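S.K.: Let me begin by handing over the structure; questions about it come next.
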2 protein chains.
Amino acid sequence: MINWSNVDKVAKEWLKEAGKNIIASFKTALQIDTKADANDLVTNIDKEIEQYFINRIRETFPSHNILGEEGFGDEVESMDGVVWIIDPVDGTMNFVHQQRNFFISIGIFENGEGKLGYLYDVVHNELYYAKSGEGAFWDELRLPTLEKVEVSEAVIGLSASLLISSDPNNPFASIVKDVRGTRSYGSAALEFAYVATGRLDAYISKTLSPWDFAGGIIIVEEIGGVVTDFNGQPLNLLKKSPVIVAKPGLHETLIKQYFQVN
Amino acid sequence: MINWSNVDKVAKEWLKEAGKNIIASFKTALQIDTKADANDLVTNIDKEIEQYFINRIRETFPSHNILGEEGFGDEVESMDGVVWIIDPVDGTMNFVHQQRNFFISIGIFENGEGKLGYLYDVVHNELYYAKSGEGAFWDELRLPTLEKVEVSEAVIGLSASLLISSDPNNPFASIVKDVRGTRSYGSAALEFAYVATGRLDAYISKTLSPWDFAGGIIIVEEIGGVVTDFNGQPLNLLKKSPVIVAKPGLHETLIKQYFQVN
């Protein structure tokens, strides 16, 4: 029998300590690495912070499995048991270029079911989190249930790169034309946190990895938000996927009106 | 002879007090108005804050002219004498939808020459400002001179709506393909502040009004950034204009490579 309150307590302690380590690193020169290509920067901090969490988790909860972006965790091939899915620095390009607007993201699952979700805005020291069945929070503030909104009143997060397409029926172009406004922040965790707090009505991405959405999905679903792929199907927690996260009603409309038209 | 240090001192006091009034308003229900259309929201707070500045300026500096977004200022037809150009809430949609990511923007000019510029991030209590000839600052921190950067390494701010075009040679599409990344924040003042601090390398907008760029231009130019229209011409402080603000070198390349190709 897992004591989830205890897991929650230590996870929050580790997040705050990891955040302090990141802030302290700003005074030292960053060593920047390129991973896949120039658009996918990795710094030494990403690796150090992932290792920090892995060490703590293995010490405290030796039976838990860990899937981390930097690959220092376990070879996780199923969601059986307890699995931590970790992005030590979500928004690495922001981290490097802006020294703000990056998050630590953690989702903790038991047999595939979301239990605890955390999105930590390190620079602003703001923690968004949820305990499944007990609500979602922005620091001490309980987040209200997300309410329906019309497409024409919606402000949504999406990257301008989705508009680069020779397809005259590009669904993203239609969405941009129809909504009230768009934003792009360069961190999936930030955009999930913004949907959870109502600052964005939806967020759309063509490809996210499990560590990009694992923390956010638990928080957003806890307060009635809907997270699926572009076909309206649930996300696979072990695979890359297109992702649409939105307020109820708006989510259904976006899927029906822009992605199931053919 | 104008005592600019005194103008600077009171302007900062008024900014902080106006910011406190805005924060206090979050506890009351907002009355939302639509101005031109649904994309151009105006709240009662925009009007109140503009009126606040106008009252203070008229009382303290009766000879100064005031150009404000909400139209409570003077009919300013020339930049002769001292002119304050004020946007009481830059990023009104963010103000309404997010209760963050909006700024108070002020530029103070003497015979058309920028003297004092302010971009105030109310919620985060961060003030970006410049005194012409004496440097630009982010709170207590002096901002370094902006350095050259290549297009392929640049992160630039632009709205996804610029990509909605049937023109196969849309210059914004080419820019999005060539840069490292794009962001969109919905506040020109925020994006000018991000260019000033190096968090963005450039910001491009198809139309800004004088109050959208008046504060930012003074700050960015003070540290070597370049602000022009898409033809590389200086902005007219009394007219709407396309705007490109960028680090030196990058600005020249963007103009030459994407806007002067024909």
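Values in this text are rule-based calculations from the coordinates and carry no lab data. Source: prediction; values computed, not measured. As a convention, Cβ positions derive from the backbone with ideal geometry for all residues, glycine included, and neighbour counts pool all protein chains shown.
S.K.: Tell me which residues come under 5 Å, amide H to amide H, from residue A:123 once H is placed; ignore anything under 5 positions away on its chain.
M.R.: A:101, A:102
S.K.: For the protein assembly as shown, what does the helix formula give at 222 nm: sum of -39500 (n - 2.57) over DSSP H segments with n ≥ 4, over the residue count, nearest 500 deg cm²/dmol?
M.R.: Mean residue ellipticity, 222 nm, calculated: -9500 deg cm²/dmol.
S.K.: A further question follows. Springs between alpha-carbon pairs under 10 angstrom, Gaussian network model over chain B: which of B:226, B:83, B:123 fluctuates most?
M.R.: Between B:226, B:83, B:123, it is B:123 that shows the largest mean-square fluctuation.
S.K.: For residue B:131, give me every one of the lysines with a C-alpha distance below 22 angstrom, ignoring sequence neighbours fewer than eight places off in its own chain.
M.R.: Candidates past the 8-residue exclusion: B:9, B:12, B:16, B:115, B:247.
S.K.: Further question on the same structure: Determine the dipole magnitude for chain A: charges of +1 sit on the beta-carbon of Lys and Arg, -1 on that of Asp and Glu, nothing else is charged, the reference point is the Cα centre, and the result goes in debye to the nearest 20.
M.R.: It works out to roughly 520 debye.
S.K.: Show me, for the range A:227-243, the HN-Hα J-couplings you get by feeding each phi into the Karplus relation (A = 6.51, B = -1.76, C = 1.60, θ = phi - 60°), rounded to Hz, glycine and proline as x.
M.R.: 10, 8, 7, 6, 9, x, 8, x, 6, 8, 6, 10, 10, 4, 7, x, 9
S.K.: Give me the log10 of I(q) over I(0) for the range A:136-262 at q = 0.11, 0.18, 0.21 Å⁻¹, as the Debye formula computes it from C-alpha points; what are the numbers?
M.R.: Debye intensities relative to I(0), on a log10 scale: -0.33, -0.92, -1.28.
S.K.: Please list, in chain and number order, the residues 5+ apart from residue B:143 or on another chain whose amide H is under 5 Å from its amide H, with Hs placed from the backbone.
M.R.: For residue B:143, the qualifying residues are B:136, B:137, B:138.
S.K.: Hey, how much of the P(r) for chain B falls beyond 24 Å, as a percent of Cα pairs?
M.R.: Here the long-distance tail beyond 24 Å is 46 percent of all Cα pairs in chain B.
S.K.: In Å, what Rg and Dmax follow from the Cα atoms of the protein assembly as shown?
M.R.: Radius of gyration, then largest Cα-Cα span, for the protein assembly as shown: 23.5, 77 Å.
S.K.: Now a separate question. Give me the dipole magnitude in Debye, nearest 20, for the range A:76-132 about the Cα centre, with unit charges on the beta carbon: positive for Lys and Arg, negative for Asp and Glu.
M.R.: On the way: 3 positive and 8 negative charges, 47 e Å.
The calculated dipole for the range A:76-132 is roughly 220 debye.
S.K.: For A:47, B:239, which order do you get if you count the other beta carbons within 10 Å of each Cβ and list the fewest first?
M.R.: B:239, A:47
S.K.: When averaged across all projection directions, what area in nm² does the alpha-carbon convex hull of the range A:174-230 cover?
M.R.: Reported value for the Cα convex hull: 4.1 nm².
S.K.: What per residue convex hull volume, in Å³, comes out for the range A:208-262 when only alpha-carbon positions are used?
M.R.: Per residue, the Cα convex hull of the range A:208-262 comes to 64 Å³.
S.K.: Once the Cα gyration tensor of the range A:4-142 is diagonalised, what are the square roots of 5 times its eigenvalues, in whole Å and ordered largest first, as equivalent ellipsoid semi-axes?
M.R.: Calculated on Cα positions only, the semi-axes equal 24, 18, 13 Å.
S.K.: Let me ask something else. Can you give me the long-range amide H partners of residue B:115? Hydrogens built in the peptide plane at 1.01 Å from N, cutoff under 5 Å, separation of 5 or more residues or another chain.
M.R.: Here B:108, B:109, B:110 satisfy the definition.
S.K.: Continuing with this model, one more query. What nm distance separates the two modelled labels at residue A:174 and residue A:238, each placed 7 Å from Cα along Cα→Cβ?
M.R.: With each label placed 7 Å out from Cα toward Cβ, I get 3.5 nm.
S.K.: Also: Using the charge dipole of the range B:151-259 (Lys, Arg: +1 at Cβ; Asp, Glu: -1 at Cβ; taken about the Cα centre), state which of B:226, B:190, B:214 has its Cα farthest towards the positive end.
M.R.: The residue sitting most towards the positive pole is B:190.
S.K.: Measuring nothing but label to label, 7 Å from Cα along Cα→Cβ, what are residue A:10's distances to the other copies in nm, shortest first?
M.R.: Spacings between copies for this position, smallest first, are 6.1 nm.
S.K.: Any idea what diffusion coefficient the range B:77-167 gets from Stokes-Einstein, in µm²/s, Kirkwood Rh on alpha carbon pairs, 20 °C, 1.002 mPa s?
M.R.: Diffusion coefficient, whole number: 135 µm²/s.
S.K.: Continuing with this model, one more query. Place the label 7 angstrom along Cα→C-beta at residue A:252 and in each other copy, then list the distances from the first to the rest in nm, shortest first.
M.R.: The projected label point of residue A:252 is separated from its counterparts by 5.8 nm.
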